[in-house]
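Coordinate-derived values only; no laboratory data. Remember, it's a predicted structure, so these values are computed and weren't measured experimentally. Reconstructed Cβ throughout: ideal geometry from the backbone, glycine too, with neighbour counts over all protein chains shown.
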Amino acid sequence: MIVNQQENTVDTCCAFNLRDGGTSVDITSLLRVDLIAKGIFQNVDCLGLLSARSVSPAWQEAVDNARVWKIVLDKDVNWKKMCKVLIKKDFATETTEDDNYSEFYLDLYRNIRDNLKSLEKNWITKTAYQRVKKLPYAGFVEHLNFKVKLSDQYIVTRQSPQTIEIFNRWTLQSESIFDIGVDSHRAMMKSIDLTSEYLALGCNRGKIFVFCMKTKELLHKLIDDPALLNCESFAQDVMASRVDCSYLRFSPSGKTLLSCITNNSCQYETLSLRKIISPREWKITHQQTIHQFNVRRVQMDDSYIYLQGGNNKGIQVRSASSLELINTIAESEAFIKSFQPYDRWIIIAGREQISLWDIELGTCIRQCQMNQTDGDIKTIGLVGEKYIISCHVNCWSSDFFLLGVNVWDLQSLINSQKETLKPTFTFSVSTQSWHEVSVDGIRDTSVEKLKVFVDDYQIGCLITWDFDYERREVPVPMLYFMDFTNHFES
């Protein structure tokens, strides 16, 4: 309500022009610049700021002196993300003290605006280019649990039980390597999450290691269960070895860390919320134990935590501030392959359908059936507020998978009363082309695991192969990208 009042104030100020004997009076001359910055300009969007700047020289000076461009850009998630992408692709730079503030952000605004339009056009016209990244891997041990996390700017891969490597997502160049170290007491990584500031690694024995992204300094060794601190007897040590930090999630704001500790012996999970007060002070604010839920997937936004359970137990929706159970969604639904929260809904993908559920009511609003020839849905993702991306896989032979992508109109799913909806467009690619070609032709080994990542910019696919008994080795895992940042400009 306050924001609306302030935005209305902008409209009033723009229209307000006192005239006395043919002399106009600019209202900015009656107000202090700092008052305008705090009360008006920082509460409009980029287009509003640009419009205000063009009203008069006095308004332009007021906007430039207020130094609110960064505040306004940071408030828009899509604009902020695009800014980070352009910087990583070397199409933009961070501001420095030597830059002219208003000119720098005005140029940056135009750059972001133009490339957002280019990104949208690429999705509509299916203009994407393909890239393959071979991932270095330290041997056969635990290859079945090869982990990759795709963040806004990085590809994070676990190269060995105690080592991960971070790649620039846009250039595919290695940027840094993190090692838990020899003092980790047999710690082996089970989960990964990161922000621009912190890298959190969840390990067996319920341990969490937190590193500084910039300095690679180990900031914390955290543990949620005090009983795991001193395991002197053999029985205690065996019990501790059955406890894993299965999931870690930072909130979108980066101010909270959620951890899910799984006790595989007693069949329960412990959820912990930590408030990040400073780099050195991380405080547990809430803990909750869940019995026999068998958490399979975890997502988190600034309002809710979403936990998918095993054995048709649905999706628990909990408060992101208190861990209080709000609702349980789709308890009777079998084969939940993936889900995505959006506004007040949860979009759930089954094997052959996508359904829309109301979080507060806990009811299914709509279902869309897929053509069975498309294959089972592997995962879904959201592209802004426009598209749902569903990825499916068809297995034609032991070494030939077909990855297909359906692009659905998100608003049509929400607003349409039709029982079925057709995808806006589809495309597919064969995994046969990802095999390494040797003198003997295509390598004869089958796909062991296929994992897909989706966001506004890319569709990424991690493919790992079964053990090659002829060559006595595991083929190098690969990341395949359909990249929609084609034609971006600096």
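Taking 0.36 nm per residue of separation and subtracting the Cα-Cα distance, full extension of the segment from GLN267 to ASP74 would add 65.2 nm.
Note on region 276-315: with charges restricted to the Cβ of Lys and Arg (+1) and Asp and Glu (-1), its dipole about the Cα centre is near 180 debye. Under 5 Å from the amide H of GLY350 lie the amide H atoms of LYS337, SER355, each residue being 5 or more positions distant or on a separate chain, with H modelled from the backbone and absent for Pro and chain starts. Packing order of peptides 377-388, 50-61, 318-329, 276-287, highest average first: 377-388, 318-329, 50-61, 276-287 (average count of other Cβ atoms within 10 Å over each peptide's residues). Annotation for THR285 and THR93: the two label points, set 7 Å from Cα along the Cα-Cβ direction, are 3.9 nm apart. Mind scanning LYS134/LYS451; LYS81/LYS133; LYS80/LYS117 and naming the pairs with a C-alpha gap bigger than 19 Å? LYS81/LYS133, as the Cα separations exceed 19 Å there.
Database remark: amide H of TYR304 closer than 5 angstrom to the amide H of ALA320 (H placed geometrically; neighbours at sequence offset of 5 or more, or on other chains; Pro and chain starts carry no H).
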